[in-house]
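Contents: one structure, followed by commentary.
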Amino acid sequence: MSLLGKSLTRIDALGKVTGETLYPGDINMPDQAYMKILFAGRPHAIIKTIDTSAAEALDAVIAVFLAKDVPVNEYGMMLKDQPVLCGPGSEKPFAERVRFVGDQVAVVVAESVAIAAQACELIQVEFADLPVVSDPLVSMQEDAELLFPDKESNVFIDYHILRGDVEKAFAEADVVVESEYRTPAQEHAFLAPESGLGYIDEDGRVTVAVAGQWAHEEQDAIAHALGLPLDEVRVIHPAIGGAFGGREDMSIQIALALAAWRLQQRGINRPIKIIWSREESIIGHHKRHPYIIRSRWGATKDGDITAADVEVIADGGAYACTSTKVLGNATLMCTGPYDIPNVKVDSYGVYTNNIPSGAFRGFGGPQGAFAAETQMNKLAQELGMDPVELRMRNVAQDDTVMSTNSTLPKGVTLDKVIESCALAAGWNNGIAGWQRSGESAWPPKITGKTKNHIKRGIGFAAAFKNIGFSFGYPERSWAKIELHGETEIEKVVLHHAGSDVGQGAHTVFKQMAAEAAGVPVDKVEMRLADSAGKEDSGSASASRMTFMAGNSIKGAGEAALEKWRNEERPAIAEFTYRPPATTPFAPKTGESNPNFAYGYVAEAVAVEVDVETGHVNILDVICANDVGKAINPQQITGQIEGAVVQASGYTILENFVQQDGIVKTPHLSTYLIPTVLDVPDRVESIILEYPDEVGPWGVRGMAEMPYLPFAPAVIAAVKDAIGVWFDEFPLTPERVLRGLGEI
Amino acid sequence: MTIYPFEYFEPKELEEASSAFFEHGSEAAILAGGTDLLNMLKANILKPKVVINIKGVPGLSGIEEIDGELQLGTLTSIHDLETSKIIQENFPALSEAASFLGSIQIRFLATVGGNICRAAPSAETAPPLMAYDAQVYMYGPNGERSLPLKEFFSGPGQTVLAEGEILTKFKLPIPALRSGSAYLRHSIRQLMDLAIVNVAVSLTLDEDSETIKEARIVLGAVAPTPMHASAAEKELIGKPATLEIFEKAAQTAAQESKPISDVRSTQDYRRAMVQLFTRRALEKALPRAAQKN
């Protein structure tokens, strides 16, 4: 009996609820020493000198490492623009500069956490401050202070889409809607701040055990910085306390490896441990990109969208991280999943002295979707047309040519998710098209007395989001399957490097391995989350893990079964899945085949607004998400609810404040994430299963998708409630009250 | 996160606690519930050389009615304030304020004396205690003394406690007939968040059950210390309790408040919320006063 589609209890549930499971911070090794990283603490400066003598004079200090100790002092997923340690003495040009407050300056190893902290305070760093560039619009100007003096500009990436004749289309349009949108930075606030161990393993490999998203990428970054061959570096991912993209880039990994490796060279072979505090975590890792999106769309009076002209500016912060790809997504998604024949998009990724921006659930999609869907809702208002009807008239389908002058992969189901969500939210498709009935059972009516100062409204939005790596990236995922037994398969062993960041990936791996080998799930054993002995399985990101790992497991299973039938015992097969190729944007037109698969989603949101305080209360959410095939429906529902909760924080609460490069909200008492009282009372998850053509068993990725339409749906609901459009969020009470003109 | 080493005392008598506190002066910290102190130790905001845990000192906790007054021991937990019948019936604003403090776990540990001695401008229990005319009792090297609570705070995090002085209890007169009170607070996050403003009000009506005889409006989080909106209080006295007069008093309270701008909100927004929540609190207190005949 197939296990696909069954909500198998998570394999990690018992260990996690009993506390038996060890996260990196819980692991202690004999004779371990403790590490602390000294941050720059200032946003833009040149380090003249670093004096570590007082720190090193402390008895219990084992070592202090600086930039000069890093053989190849650079890293970065897309551009290697970030020094491992900032300061003089390395060959990396301009590595003596610090470019944000969390730049790492020194690594201290000591006998205790307290001594390591004391030693950090004793390190004398002489800084020469430079002008701080904190506004991306200022940073783009020609005379702006350059963060990298060897580059011509602070604009480190730009993309351009040009399709059709935009100006002609605007001239002929009946209605034009133009707005400037601004989206905020967001902190991942995963449960477990960065922690881990660095040591030399039994085979002499420089090893780090940390929480990450992509063991092989971390292995590569460490090997590059230390100048070591790949096979002398090992990355292990024990239990991971959440990620959401926040572990996509390096944090403590290279410092841990550096310390273990340099100490061994001094004849000290001791494990090194570090646990970041919440405050170190908030300063120390990247944030979601703040965006400025200037958008102008035109349509005919029949609701045919004819033109879009969009300028997209992403504040990349101090280093590029994954910004180039995040900006690519926003460039693609800022015109929505709609049939628009004339499109012009100009996008820029810009350095500033803010905390670097990088991967975060949705990866440029939420910002693009916010602008696109709010434009749709404003157009619907201008046209006097129902917002669902307007979407259905423009919805992308299999044969629609998108802004990239290419069609989407076959199996576009945007119309299906919009239809399902709209029907559940009280719309119906009658002679006059899609309309909402006043008699709708959704959202639930208030019983009892209603207060005059509480206004209610509903909003609708849809979105598409790529699955897997885009724009020509060599996407792949590896798996190995062993089949043991004689006459029948008694044991299946799956080897896979994919990370379970808390989303339940390994449970789903087990279900898929059992299905691939045709055995019950209790016959499957797994060897996971360790770069040693495994090939690259790619990152737990881009809603790709079930899709990519599934295809690799399926392929390895089929190959192993073939060997089994040929009477090999044990039958062992490896398989690397490579999806259909993608291509990057052409420089001037953006012409491309950017992605090999997409997920589709629509959401309806009901809110109430207190017009006296400005407080927005999100009451009810309906989310329709096409997941292709739900391997484990309970996990799917969990991902939808989790995305809605996280997006609630993004939309109404989370206000990450940086002033002149200084973080004003470094604590969870000032950076407010939602509690259970701040999230919607109810989320209805509608799981649709229209198979993807290349997904394993039809699977589409789904974990980011419900995040994307949430903010624009809330914005539309607030407009419905109080008559005011907000082009910037979070919708803090004060912002709402100002929008109402009350203060 | 490293706590600096300190000496630790568990005195068994009030006098012993006070003399230890006096001896070490500013190098000592008092531990009651510890919910605030521990955070400050972990964040190295405080680096005391001595920590004096007064939880073992007898007679410092409990809620009792004695001779027409409510006596609250300094170690009384916030959870006890929240759930005490006598407080819910006679001092509902105090019980309501307690229910907003931190999380349930914090409320079991945190003490009313600790909340007051911390002297945070947004302290949850300060406005209701002041609105109920609480008298605060202290014990120190020179024996016992007492003050009205409104004279206890001298600035953000500052009190008039002298070296070696320990807050021991509060006394609150049982409200007169036809008295009603209420507590409201506004924060960006629904709970587990510092208040933008918190307001406690108390109204006592005349025998006609219409005219306001006594009024207290106490604001938190909008000045360096919790404050009486004295002008607003005066405006109410002798007037009939109407929505119009409440709105006018609320406007006056907003003018009297001295809020700051910070990452949570601007001064303007805080002032607007003082007006709104003062009005809402008065509207909530009035029917309670009318019921207490």
Within the range A:494-508, does at least one residue satisfy the condition of being among the hydrophobic types (A, V, I, L, M, F, W, C) and in a strand (DSSP E or B)?
yes
Take residues that are within 30 Å of A:N405 (Cα to Cα) and tell me which of the strands (runs of 3 or more DSSP E) falling wholly in the range A:104-210 contain 2 or more.
A:155-163, A:175-183
Only one residue in A:V718, A:V694 is under 20 Å from A:Q375 (Cα atoms), crowded, with 18+ Cβ neighbours inside 10 Å and among the hydrophobic types (A, V, I, L, M, F, W, C). Which one?
A:V718
Is there any pair with a first residue in the range A:420-444 that is more than 20 Å from A:R682 (Cα to Cα) and a second that is modelled with pLDDT under 95 whose Cβ atoms are under 7 Å apart and which are 6 or more apart or on different chains, and what are they?
A:N428/A:S437
Just for the range B:148-159: of the residues that are surrounded by 13 or more Cβ atoms within 10 Å (Cβ to Cβ) and touching a strand residue (DSSP E or B) at 6+ places or on another chain (Cβ under 8 Å), which one is nearest to B:Q71 (Cα to Cα)?
B:L149
Counting only strands (runs of 3 or more DSSP E) entirely within the range B:1-88, those with at least 3 residues that are more than 30 Å from A:W276 (Cβ to Cβ) are B:50-53, B:63-66, B:69-73
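Let's see how each residue does on (1) at pLDDT 95 or above; (2) within 14 Å of chain B (Cβ to nearest Cβ); (3) under 20 Å from the mean Cα position of the chain (by Cα):
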position: A:P691; (1), (2), (3): yes, no, no
position: A:W697; (1), (2), (3): yes, no, no
position: A:R700; (1), (2), (3): yes, no, yes
position: A:L708; (1), (2), (3): yes, no, yes
position: A:A711; (1), (2), (3): yes, no, yes
position: A:K719; (1), (2), (3): yes, no, no
position: A:I722; (1), (2), (3): yes, no, no
position: A:G739; (1), (2), (3): yes, yes, no
position: A:I743; (1), (2), (3): no, yes, no
Scanning the range B:271-293 for residues that are assigned to a helix (DSSP H, G or I) and among the polar types (S, T, N, Q), which turns out nearest to the other protein chains (Cβ to nearest Cβ)?
B:Q275
Scan the range B:187-209 and give yes if some residue there is in a helix (DSSP H, G or I), of a type in the set (V, I, T) and within 14 Å of another protein chain (Cβ to nearest Cβ), otherwise no.
no
Breaking point among (1) farther than 28 Å from A:T665 by Cβ; (2) more than 14 Å from every other protein chain (Cβ to nearest Cβ); (3) out of contact with any Gly (no Cβ under 9 Å at 6 or more places or on another chain); (4) not acidic (D, E), for B:A223
(1)
B:S209 versus (1) more than 28 Å from B:P156 (Cα to Cα); (2) touching a residue at least 60 places away in the same chain (Cβ under 8 Å); (3) surrounded by 24 or more Cβ atoms within 10 Å (Cβ to Cβ); (4) not charged (D, E, K, R): which is the lone unmet condition?
(3)
Determine whether B:L177 is over 21 Å from B:G62 (Cβ atoms), away from chain A (no Cβ under 14 Å) and either in a strand (DSSP E or B) or over 15 Å from the mean Cα position of the chain (by Cα) (or both).
yes
Among the residues in the range B:241-256, are any away from chain A (no Cβ under 14 Å), part of a helix (DSSP H, G or I) and of a type in the set (S, T, Y)?
yes
Among the residues of the range A:77-95, the number that are surrounded by fewer than 21 Cβ atoms within 10 Å (Cβ to Cβ), in contact (Cβ under 8 Å) with a residue 24 or more places away in the chain and not basic (K, R) is 5
What residue, of A:L668, A:L653, A:L677, is within 10 Å of chain B (Cβ to nearest Cβ), of a type outside the set (V, I, T) and buried (at least 23 other Cβ atoms within 10 Å of the Cβ)?
A:L653
Conditions (1) more than 26 Å from A:A185 (Cβ to Cβ); (2) crowded, with 20+ Cβ neighbours inside 10 Å; (3) away from every other protein chain (no Cβ under 14 Å) -> A:E608 fails only (3)
So if I check each of B:I63, B:I106, B:I87, B:I52, which one is more than 22 Å from B:L194 (Cα to Cα), surrounded by fewer than 21 Cβ atoms within 10 Å (Cβ to Cβ), in contact (Cβ under 8 Å) with a residue 12 or more places away in the chain and of a type in the set (A, V, I, L, M, F, W, C)?
B:I63
Within the range B:257-270, restricting to residues that are part of a helix (DSSP H, G or I) and surrounded by fewer than 20 Cβ atoms within 10 Å (Cβ to Cβ), the one that is nearest to the other protein chains (Cβ to nearest Cβ) is B:D268
Would you check which residues across the range B:225-246 are among the charged types (D, E, K, R) and surrounded by 15 or more Cβ atoms within 10 Å (Cβ to Cβ) and list them?
B:E233, B:E235, B:K239
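For the range A:1-44, what are the residues that are among the aromatic types (F, W, Y) and touching a Lys or Arg at 6+ places or on another chain (Cβ under 8 Å)?
Scanning the range A:1-44 gives a single hit, A:Y34.
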Qualifying residues in the range A:68-122 (those that are closer than 13 Å to A:M250 by Cα and of a type in the set (S, T, N, Q)) - the one farthest from the other protein chains (Cβ to nearest Cβ)
A:Q82
Between residues in the range B:171-190 that are farther than 15 Å from B:K213 by Cβ and residues that are among the acidic types (D, E) and part of a loop (DSSP other than H, G, I, E, B), which pairs lie under 8 Å by C-beta distance while being six or more apart or on different chains?
B:L172/B:D133; B:R185/B:E124; B:S187/B:D193; B:R189/A:D678; B:Q190/A:D678
Give A:P712, A:P706, A:P691 a once-over and let me know the one that is at negative phi and part of a loop (DSSP other than H, G, I, E, B).
A:P691
Conditions (1) crowded, with 19+ Cβ neighbours inside 10 Å; (2) more than 14 Å from chain A (Cβ to nearest Cβ); (3) in contact (Cβ under 8 Å) with a residue 60 or more places away in the chain; (4) among the polar types (S, T, N, Q): number failed by B:Q71
(1)
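Residue-by-condition table, conditions (1) touching a residue at least 60 places away in the same chain (Cβ under 8 Å); (2) part of a helix (DSSP H, G or I):
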{"site": "A:K449", "(1), (2)": "no, no"}
{"site": "A:K480", "(1), (2)": "yes, no"}
{"site": "A:K510", "(1), (2)": "yes, yes"}
{"site": "A:F547", "(1), (2)": "yes, yes"}
If we keep only residues of the range B:109-119 that are in contact (Cβ under 8 Å) with a residue 60 or more places away in the chain and aliphatic (A, V, I, L, M), then the residue farthest from B:L161 (Cα to Cα) is B:L109
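The values are calculated or read from the model by the stated rules, or taken from the named source; none is laboratory data. These numbers were taken from a predicted model, which means no experiment stands behind them. Cβ: placed from backbone, ideal geometry, glycine included. Neighbour counts: every protein chain shown.
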